[in-house]
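Take a look at the structure set out below.
The values are calculated or read from the model by the stated rules, or taken from the named source; none is laboratory data. These numbers come from a predicted model, not from an experiment. Glycine gets a Cβ as well: all are built from the backbone with ideal geometry, and neighbour counts include every protein chain shown.
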Amino acid sequence: MASRSVNKVILVGHLGRDAETKFTPGGASVTRFSVATNRRWKDQQSGEWKDETDWSNVVLWRAENLANYLQKGKQVYVEGRLQTRSYEDKDGKKVYSTEVVADDVILLGGQGGGGGRDDGDGGGYSSRPVSMPRSAGGGRPAPAAQPMDDPYGQGITDDDVPF
C-alpha cells in the first residue's frame with residue numbers, strides 16, 4: 001500500500017504590503033507578498049477576548065500582471081502549498097524560511113477608494129474577484145466565484161484594516 005501525503009494551504013486574509021515582482025535570469029516572474037490572517041478567541045481564565053494575527057509569506061510564479069492589483073490592505077484568497085528553504089546568511093549561519101507557493105490567488109471584495117479595476121458600471125470597483133491567470137501547462141481552473149451583495153465583505157472597508 002502506497003502512503004499518501006497532502007501539502008495544501010488555503011488562506012483568506014489581508015495583504016500586509018504591496019506585492020513585489022522580480023524576474024529570474026530566465027525571464028520567469030516571481031511575485032512576493034505577505035498575508036495577515038486573524039483569529040479571535042475568549043480567554044478561559046480572564047474571560048477577555050484575545051486577537052492573534054499570523055503572517056504568511058507567499059510566492060507566486062509567472063503572474064506578473066496580477067501584482068498591480070495586490071495592494072496593501074486588500075482581502076485575498078490564496079491556495080497553494082508550503083515550502084521550506086534553507087540558506088546561509090552573511091555570517092554563515094543556516095537560516096530556514098517557510099513560505100506558501102501559490103497555485104491560485106483571487107482578490108476578494110471591491111476595490112474601495114483605492115482605484116483599481118472598473119467593470120464599466122461607473123462605480124470604480126468590481127464585485128467580481130480578480131483571479132491570476134493559470135501558468136503555462138494547463139492546470140485546473142480557478143474556483144468559481146459567487147456574486148457578492150456587499151462588495152466590501154461584512155461592512156469592512158480599507159480604512160478598518162490596521163496595516
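Each residue in segment 64-82 was checked for being touching a strand residue (DSSP E or B) at 6+ places or on another chain (Cβ under 8 Å) and assigned to a helix (DSSP H, G or I), and 2 of them qualify.
Selection of segment 1-44 for residues being among the β-branched types (Val, Ile, Thr) and either part of a strand (DSSP E or B) or touching a His at 6+ places or on another chain (Cβ under 8 Å) (or both) yields Val9, Ile10, Val12, Thr21, Val30, Thr31, Val35, Thr37.
Only one of the listed residues (Lys22, Lys94, Lys90) is basic (Lys, Arg), modelled with pLDDT of 90 or more and under 18 Å from the mean Cα position of the chain (by Cα). That residue is Lys22. Please work out if Ala63 is touching a Gly at 6+ places or on another chain (Cβ under 9 Å) and either surrounded by 11 or more Cβ atoms within 10 Å (Cβ to Cβ) or of a type in the set (S, T, N, Q) (or both). No: the conditions fail for Ala63.
Cβ-Cβ distances below 8 Å connect the following pairs, each with a first residue in segment 89-101 that is more than 19 Å from Arg32 (Cα to Cα) and exposed (fewer than 10 other Cβ atoms within 10 Å of the Cβ), a second residue that is small (Gly, Ala, Ser) and at pLDDT below 95, and a separation of six or more residues or different chains: Lys94/Ser86. Might you let me know whether segment 6-21 holds any residue that is farther than 16 Å from Val105 by Cβ, touching a residue at least 60 places away in the same chain (Cβ under 8 Å) and of a type outside the set (Lys, Arg)? Looking for residues that are farther than 16 Å from Val105 by Cβ, touching a residue at least 60 places away in the same chain (Cβ under 8 Å) and of a type outside the set (Lys, Arg), one finds at least one in segment 6-21, hence yes.
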